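Engineer: I am attaching a structure below and will ask some questions about it afterwards.
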Amino acid sequence: QVQLVQSGGGLVQAGGSLKLSCTFSGDTVGDYAMAWIRQAPGTERKFVVVIRQFGGDTNYADSVKGRFTISRDNAEKTVYLQMNSLKPEDTGVYYCAADRGCLIPHRYSTYTYWGQGTQVTLSS
């Protein structure tokens, strides 16, 4: 059974940086597209970024382009999200997600497996 365990997150001032980690277990991580999805208070989950399983192609939401960077280390079975120049609107719960097919990466319902979520809070 695939499991995703997240770490990182916390409280940071606007303009600051945070790095989230997601450790994968239960299958071959290289076979899965890995994504970060976030959910602001009172809203539905929204796509942030995905990194493909073959070739490592990435796709970012416009709101985070140039500020966030996703990377994966298949040997360590870990995916990272480096978040720089954070803004108050980046506040929310961040989820790591995985899927083999990932046919529609921008749709959060695409993803089969989910991490436990980690809170990121920005203070202005």
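Engineer: Quick one: in segment 55-65, which of the residues that are in a loop (DSSP other than H, G, I, E, B) and touching a residue at least 12 places away in the same chain (Cβ under 8 Å) is surrounded by the fewest Cβ atoms within 10 Å (Cβ to Cβ)? Show your work before the answer.
Structural biologist: Our first condition is that a residue be in a loop (DSSP other than H, G, I, E, B); within segment 55-65, this holds for 55-57, 61-65.
Still in the list and also touching a residue at least 12 places away in the same chain (Cβ under 8 Å): 56, 61, 63-64.
Working: GLY56: 12, ALA61: 16, SER63: 14, VAL64: 22.
My answer is GLY56.
Engineer: Since VAL29 meets every condition but one in (1) among the hydrophobic types (A, V, I, L, M, F, W, C); (2) crowded, with 22+ Cβ neighbours inside 10 Å; (3) modelled with pLDDT of 95 or more, which condition does it not meet?
Structural biologist: Going through (1) among the hydrophobic types (A, V, I, L, M, F, W, C); (2) crowded, with 22+ Cβ neighbours inside 10 Å; (3) modelled with pLDDT of 95 or more one by one, VAL29 breaks only (3).
Engineer: Evaluate segment 44-62: report whether one residue or more is out of contact with any strand residue (DSSP E or B) (no Cβ under 9 Å at 6 or more places or on another chain), at pLDDT 95 or above and more than 18 Å from THR121 (Cα to Cα).
Structural biologist: Checked segment 44-62: at least one residue is out of contact with any strand residue (DSSP E or B) (no Cβ under 9 Å at 6 or more places or on another chain), at pLDDT 95 or above and more than 18 Å from THR121 (Cα to Cα).
Engineer: Sticking with this one: Residues of segment 52-71 being within 11 Å of the chain's Cα centre (by Cα) and either acidic (Asp, Glu) or farther than 18 Å from LEU18 by Cβ (or both), which ones?
Structural biologist: Selection gives nothing.
Engineer: In a loop (DSSP other than H, G, I, E, B), aliphatic (A, V, I, L, M) and open to solvent by 20 Å² or more (accessible area, probe 1.4 Å) - does that describe any residue in segment 32-54?
Structural biologist: Taking every residue of segment 32-54 in turn, at least one turns out to be in a loop (DSSP other than H, G, I, E, B), aliphatic (A, V, I, L, M) and open to solvent by 20 Å² or more (accessible area, probe 1.4 Å).
Engineer: Another question about this same structure. Quick one: GLY15 ticks every box in (1) free of Cβ contacts under 8 Å to residues at least 12 places away in the same chain; (2) within 18 Å of GLY92 (Cα to Cα) except a single one, so which number is it?
Structural biologist: (1)
Engineer: Residues in segment 10-26 that are within 13 Å of ARG67 (Cα to Cα) and either open to solvent by less than 60 Å² (accessible area, probe 1.4 Å) or not in a strand (DSSP E or B) (or both): how many?
Structural biologist: Counting residues in segment 10-26 that are within 13 Å of ARG67 (Cα to Cα) and either open to solvent by less than 60 Å² (accessible area, probe 1.4 Å) or not in a strand (DSSP E or B) (or both) gives 5.
Engineer: State which residue pairs qualify: first residue farther than 24 Å from GLY42 by Cα and inside segment 80-103, second residue of a type in the set (Asp, Glu) and outside any helix (DSSP H, G or I) in any location, beta carbons under 8 Å apart, and separation of 6 or more residues or different chains.
Structural biologist: Cβ pairs passing all conditions: TYR80/ASP73.
Engineer: Another one. Which of the residues that make up segment 85-124 are assigned to a helix (DSSP H, G or I) and either open to solvent by 50 Å² or more (accessible area, probe 1.4 Å) or modelled with pLDDT under 95 (or both)?
Structural biologist: Scanning segment 85-124 gives PRO88, GLU89, TYR108, SER109, THR110.
The values are calculated or read from the model by the stated rules, or taken from the named source; none is laboratory data. Fair warning: this is a prediction, and the values are worked out from it, not measured in the lab. Don't worry about glycine lacking a Cβ; one is built from the backbone with ideal geometry, like all the others, and counts go over all protein chains shown. Quick note on the areas: whole protein, heavy atoms, side chains included, nothing else; ligands and nucleic acids left out. Shrake-Rupley method; radii C 1.70, N 1.55, O 1.52, S 1.80 Å.
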